[in-house]
Amino acid sequence: MNRIVLLSFMSFLLLMGCAREVLPPPTPSTPTPPADITPTVQSVIEMVATPESAGYPEPVESYPAPPAVADPYPAPDQADPADEVAITPQLTAEVLAEYPHDSLAWTQGLLWYEGDLYESTGEYGKSTLRRVDLASGTSKLQIDLDPALYGEGLTLVDDRLIQLTWKEQVAIVYDRETFEEVERFSYQGEGWGICYDGEFLWMSNGSDRLTKRDAQTFEPLSEIRVTQDGLSISRLNELECVNGRILSHIWFTDQIIEIDPQTGNVTANINLFDLLTPEERAGLETGEVLNGIAYNPEKDVYFVTGKHWPKLFEVRFVPAAE
């Protein structure tokens, strides 16, 4: 029996040896990918250039293309008549009267109330608050600020005058009749111009922003960015609130802009370059430009002057000649 088993086992081994010589080597377990899905350099380039055609979804977030900027000086045949409604009105001053002005006053703020002008002047050691007689240009009441304070914009809320300071971050509140100091408010940054629209205060700091403030607490409530045709208008200076609009002088120019406080858009440009004669302008130094806007609602006219200007003008703003 054992002999038969041994012979059978030897026969099995012989058959296995023969099969190893006849059978081919085993096929690898990982199949070769079909030729039609093997990426090539050209196909990768095409997928990157046209992701949607390659089955890639559009990106969820992307940077928007910059808005198209219209040619500011289109040729006549390129102008669209429909665009004329968007052109900002250009105004100038119709001079109704001229009055003397203290040529030593570095005017920063100006307002009109019941027949008198109130003026804030600047410069360290020279800053003042004044009640000015219109006809003579002389002060009926005047106080000097602390030499460490630089006077800036001025407005009236009820019977309280509010005078800004430049870099000292303090607004001084006075009794209108006596000029007695009532209180002070603090704020961040520089103070340039200020006006009261009957509900809120609006304040400038020389940038392209106007800050809306609570008229009683001086707390900031919001701010607007002032733009014209999408471009920021900076160096906003002396302010005057008139009939739902804000007038702002542009520092270092003889120009005023009218602003919609709801949008920040400029609604009119007012050019006052020709108020002074060439001789009067020749006597001024650099920086002695227009500054001071006051509105007289009884006559619907404005008073404007400038830093160290010898005159104050009563004007009405009218369309500029084309």
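The table that follows gives values for the structure above.
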read-out: Projected label distance in nm at Asp300 and Arg184, using a 7 Å step from Cα toward the beta-carbon; value: 4.3
read-out: Set Lys126/Lys167; Lys212/Lys299; Lys167/Lys311; Lys140/Lys212; Lys126/Lys299; Lys212/Lys311 screened for pairs whose C-alpha atoms are more than 25 Å apart; value: Lys212/Lys299; Lys167/Lys311; Lys140/Lys212; Lys126/Lys299; Lys212/Lys311
read-out: Inter-site label distance for Ala321 and Arg225 at 7 Å from Cα along Cβ, in nm; value: 3.9
read-out: Label-zone membership for region 125-155, site Glu285, 7 angstrom Cα→C-beta point, backbone N under 17 Å; value: 125-127
read-out: Calculated from backbone phi, Karplus (6.51, -1.76, 1.60) coupling profile of region 279-296 in Hz, x at Gly/Pro; value: 5, 5, 5, 5, x, 9, 9, 4, x, 8, 10, 3, 6, x, 10, 10, 10, 9
read-out: Highest to lowest packing among 116-126, 225-235, scored as the average C-beta count within 10 Å; value: 116-126, 225-235
read-out: Cα centroid separation - region 90-140 against region 259-322, whole Å; value: 12
read-out: Footprinting exposure proxy for His249, His308 (fewest neighbouring C-beta atoms within 10 Å first); value: His308, His249
read-out: Extended-chain gain in nm, criterion 0.36 nm per residue less alpha-carbon gap, Asp158 and Tyr113; value: 15.1 nm
read-out: Residues Ile257, Ile194, sorted so that the one with the fewest Cβ neighbours within 10 Å comes first; value: Ile257, Ile194
read-out: Proximal charge balance of Gly292 [Cβ under 10 Å; K/R count +1, D/E count -1]; value: -2
read-out: Test item: Cα-centred dipole of region 100-319, Lys/Arg +1 and Asp/Glu -1 on Cβ, debye; value: 380
read-out: Summed side-chain charge close to Ser234 - residues other than Ser234 whose Cβ falls under 12 Å, Lys, Arg +1, Asp, Glu -1; value: +2
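The numbers here are math on the coordinates, done by the rules we state, and not lab data. Since this is a predicted model, take the numbers as computed values, not measurements. Heads up, the Cβs are rebuilt from the backbone with ideal geometry, glycines too, and the neighbour counts pull from every protein chain shown.
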